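To keep things clear, I will list the structure first and then write my remarks on it.
The values are calculated or read from the model by the stated rules, or taken from the named source; none is laboratory data. Keep in mind the model is a prediction, meaning the values are calculated, not measured. Because the Cβ atoms are built from the backbone with ideal geometry, glycine has one as well, and the counts that use them run over all protein chains shown. What goes into the accessible areas is simple: the full protein's heavy atoms, side chains included, and nothing from ligands, DNA or RNA. Shrake-Rupley method; radii C 1.70, N 1.55, O 1.52, S 1.80 Å.
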Amino acid sequence: MNIQIIVHSATGHTLTVAKQLEAALVVKNHIVNLTHIIASNEETMNEALFTISPIPSCEPYDLILIGAPVRAFSATPAIKKALKQITGVKGKKCILFTTEQLPMNFMGGNQAIKKMKKALTDKGALVLNTRIIHWNRSDKSEIINTFVNSVVKDYTHES
């Protein structure tokens with residue numbers, strides 16, 4: 001399977017999850033492209049005051065995984081801007097994930113996933129699953145492993 005992982009990661013936490021996904025998928029002989037979105041100014045919440053690079057294209061991919069941290073109780077401005085500019089997602093299967101410090105989904109994770117999902121479904125993408133990973137939990141490694149294994153088993157035709 002040809003898989004695109006798109007991630008915005010300000011602290012490295014979300015990138016850690018993306019790299020674990022990439023490693024697990026490569027071991028199963030999938031072709032994986034990991035695209036790390038970088039904002040020219042991480043400090044501002046105003047999308048007009050920064051650019052992102054690279055601007056992702058998902059045309060050649062069968063499955064798209066998109067991850068970002070929660071910021072100010074929502075999706076980061078960088079991932080919101082990336083999802084506005086993303087191309088080639090119509091009809092594509094997508095899985096979304098967020099990382100957040102706060103301990104409950106209603107403290108930003110739900111809102112972040114909702115915004116990311118809407119941006120993709122408005123472009124015709126098929127969001128198959130979502131996951132919120134709370135970074136301060138003592139069992140986060142187990143939660144990440146469960147998520148990674150689920151992606152490999154349930155969405156890439158591996159058993």
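Couple of notes before you dig in:
- When the residues of the range 1-23 are filtered to those that are over 17 Å from R131 (Cα atoms) and of a type outside the set (S, T, N, Q), the one that is surrounded by the fewest Cβ atoms within 10 Å (Cβ to Cβ) is G12.
- Apart from one condition, F97 fits all of (1) in contact with a Gly (Cβ under 6 Å, 6 or more places away or on another chain); (2) open to solvent by less than 60 Å² (accessible area, probe 1.4 Å); (3) in a loop (DSSP other than H, G, I, E, B); the exception is (3).
- Test: residue in the range 55-63 that is within 13 Å of S9 (Cα to Cα) and either open to solvent by 30 Å² or more (accessible area, probe 1.4 Å) or in a strand (DSSP E or B) (or both): no
- Within the range 73-96, at least one residue is hydroxyl-bearing (S, T, Y) and free of Cβ contacts under 8 Å to residues at least 40 places away in the same chain.
- Hey, T44 at pLDDT below 95 and not in a helix (DSSP H, G or I) or not: yes
- Leading residue by the ranking (surrounded by the most Cβ atoms within 10 Å (Cβ to Cβ)) among those in the range 64-92 that are out of contact with any helix residue (DSSP H, G or I) (no Cβ under 7 Å at 6 or more places or on another chain) and in a strand (DSSP E or B): I64
- The range 24-38 - residue that is in contact (Cβ under 8 Å) with a residue 60 or more places away in the chain and part of a loop (DSSP other than H, G, I, E, B) and, of those, most open to solvent (accessible area, probe 1.4 Å): K28
- When the range 93-109 is filtered for residues that are of a type in the set (S, T, N, Q) and either in contact with a helix residue (DSSP H, G or I) (Cβ under 6 Å, 6 or more places away or on another chain) or modelled with pLDDT of 95 or more (or both), the ones remaining, listed by number, are T98, T99.
- In the range 125-147 there is at least one residue matching the filter, namely being out of contact with any Asp or Glu (no Cβ under 8 Å at 6 or more places or on another chain), of a type outside the set (G, A, S) and more than 19 Å from V17 (Cβ to Cβ).
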